[in-house]
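Q: One structure, as C-alpha cells, below. Some questions next.
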Amino acid sequence: MDVLIISGSPRKNKNCEKLAEYAKEKLIGYGLKVKILKLSELHISACNACNYCKEKFECKIKDDMQKVYEDLINAKALLIISPTYFGNVSAQLKAFMDRTLVLRRNNFMLKDKFGGAIAIGGSRNGGQEFVINAIHNFFHIHGMIPLGDDAHFGGILYGSAEDRIGLKTVDNLLLKIRRLLH
C-alpha cells in the first residue's frame, strides 16, 4: 500500500470522512494504492502507560488497534485528517497516535515514511494550525518526514469538506505525496 489515510473524527460520514474519500480518489487517480482507516468505526482505548510494549512487540490493550498496526507498517505514507476540537486533534486521534508507541519502541517502524496532515475547523482561524502541528509532532516523534503543501503546513479547511480555498491546500499536499511516491 502506498498511502494509508486516517480519518480522525468520531463522526461517521462527516467532513473528515468526506475529505478522506476525496483524497483517496485523487491519489488513486495518480496511480497510488490507498486505504482509508476510519476511527469512527473503531474502538481504540487510550494508552495507559503500562510499558508492556517496552518488553514485547505488542500492546497489552486488546481492542481495534490490533487491526491497524500492519497497515501502518506497510504504508509508504500516512495522511492524517482531523477535526479541530478546542485547538487540537480529536480525542480518538490522540488515543490512536499514543497507541503507536509500540511501533516506536520496536526499531522506529514508521521511520522515514512520509506524513501529510489535513485539519478542518469551524472557523477560518479556528486552530487548524495547532492540529497540523500536533500531527507533525507525531510524525517527528516517529522519525517520519512531515510534508506540507509547498506553501503551508498541510491541508487547512474551514467549515466543510467543500471549502474551495481549503481544498486547494489539500490538492497541493496530495500532489506532493504523488511526486514523492513516484
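Q: For Ile120, list long-range residues whose amide hydrogen, built 1.01 Å from N in the peptide plane, is under 5 Å from its own amide hydrogen.
A: Ser82, Thr84, Leu157
Q: Using a simple spin-label model with points 7 Å from Cα along the Cα→Cβ vector, what separation in nm is obtained for Phe86 and Glu21?
A: Here the modelled spin labels are 3.1 nm apart.
Q: Using θ = phi - 60° and the Karplus curve 6.51 cos²θ - 1.76 cosθ + 1.60, what whole-Hz ³J(HN,Hα) does each residue of segment 53-59 get, with Gly and Pro shown as x?
A: Once θ is set to phi - 60°, the couplings for segment 53-59 become 6, 6, 9, 10, 7, 6, 9 Hz.
Q: So what J values fall out for segment 125-134 if you push phi through Karplus, 6.51 cos²θ - 1.76 cosθ + 1.60 with θ = phi - 60°, rounded to Hz, Gly and Pro as x?
A: 10, x, x, 4, 5, 5, 5, 4, 4, 4
Q: In sequence order, what are the phi-derived ³J(HN,Hα) couplings for segment 12-29 according to the Karplus relation 6.51 cos²θ - 1.76 cosθ + 1.60 with θ = phi - 60°, rounded to whole Hz, with x for glycine and proline?
A: Result, ordered by residue: 6, 6, 10, 3, 5, 5, 5, 5, 4, 5, 4, 5, 4, 4, 4, 5, 5, x Hz.
Q: Let me ask something additional. Have a look at Ile73, Asn125, Asn15 and report the one farthest towards the positive end of the charge dipole of segment 3-181, computed about the Cα centre with Cβ charges (Lys/Arg +1, Asp/Glu -1).
A: Ile73
Q: Follow-up question, since we're still on this one. Tell me the relative contact order for the chain as a rounded percent, counting alpha carbon contacts under 8 Å between residues six or more apart. Display every interim value, and only then the final one.
A: Working: 364 pairs, mean separation 40.5, N = 182.
Result for the chain is 22 percent.
Q: Out of all DSSP beta bridges in segment 1-136, what portion is antiparallel? Express it as a percent rounded to 5.
A: Working: 1 of 18 bridges.
Here the antiparallel bridges make up roughly 5 percent for segment 1-136.
Q: For the pairs Lys38/Lys76; Lys24/Lys54; Lys26/Lys62; Lys67/Lys94, note any where the Cα-Cα span goes beyond 25 Å. Kindly include the intermediate steps, with their values, before the conclusion.
A: Numbers: Lys38/Lys76 18 Å; Lys24/Lys54 35 Å; Lys26/Lys62 34 Å; Lys67/Lys94 17 Å.
Violating the 25 Å limit, Cα to Cα: Lys24/Lys54; Lys26/Lys62.
Q: Can you give me the long-range amide H partners of Ile145? Hydrogens built in the peptide plane at 1.01 Å from N, cutoff under 5 Å, separation of 5 or more residues or another chain.
A: Asp112, Lys113, Phe114, Gly115
Q: Would you mind checking which residues have amide H under 5 Å from Leu37's amide H? H placed 1.01 Å from N; only 5 or more apart, or other chain.
A: Ile5, Ile6, Ser7
Q: State log₁₀ I(q)/I(0) for segment 55-143 at q = 0.14, 0.21, 0.22, 0.25 Å⁻¹ as given by the Debye formula over alpha-carbon point scatterers of equal weight, solvent excluded.
A: Debye intensities relative to I(0), on a log10 scale: -0.51, -1.02, -1.09, -1.28.
Q: How much length, in nm to one decimal, is gained on full extension between Arg179 and Ile28, taken as 0.36 nm per residue of separation minus their Cα-Cα distance?
A: Working: separation 151, 0.36 × 151 = 54.36 nm, distance 1.34 nm.
Gain on extension, Arg179 to Ile28, equals 53.0 nm.
Q: Could you order the peptides 48-56, 158-166, 173-181, 116-124 from most to least packed, using the average number of other C-beta atoms within 10 Å per residue?
A: Details: 48-56: 11.2, 158-166: 15.0, 173-181: 18.6, 116-124: 23.2.
Taking the mean over residues of other Cβ atoms within 10 Å, the ranking is 116-124, 173-181, 158-166, 48-56.
Q: Taking the Cα centroid of segment 2-79 and of segment 106-161, what is the distance between the two, rounded to the nearest whole Å?
A: Cα centres, segment 2-79 to segment 106-161: 14 Å.
Q: Then there's this: Helix-only estimate, please: 222 nm mean residue ellipticity of the chain, summing -39500 (n - 2.57) across DSSP H runs of length 4 or more and dividing by its residues, to the nearest 500.
A: Helices in the chain give a 222 nm mean residue ellipticity of -11500 deg cm²/dmol.
Q: Cβ under 12 Å from Cys53's Cβ, Cys53 left aside: what net charge do those residues give with Lys, Arg +1 and Asp, Glu -1? Numbers along the way, then the final one.
A: Numbers: positive: Lys54, Lys56, Lys60, Arg99, Arg104, Arg105; negative: Glu55, Glu58, Asp98.
Result for the local shell: +3.
Q: Let me ask something else. Once you charge only the Cβ atoms, +1 for Lys and Arg and -1 for Asp and Glu, what is the size of the charge dipole of segment 3-181 about its Cα centre, to the nearest 20 debye?
A: On the way: 27 positive and 18 negative charges, 51 e Å.
Dipole about the Cα centre, nearest 20: 240 debye.
Q: Another one. Work through the residues other than Tyr22 whose Cβ is under 12 Å from its Cβ and net out their charges, Lys, Arg +1 and Asp, Glu -1. Before the final figure, lay out the partial values.
A: Details: positive: Lys18, Lys24, Lys26; negative: Glu17, Glu21, Glu25, Glu162, Asp163, Asp171.
Within the 12 Å Cβ shell, the charges total -3.
No value in this document is a laboratory result; all are computed from the given coordinates. Here the structure is a predicted model, which means the values were calculated and not measured. Positions of Cβ are backbone-derived with ideal geometry, glycine not excepted, and every protein chain shown enters the neighbour counts.
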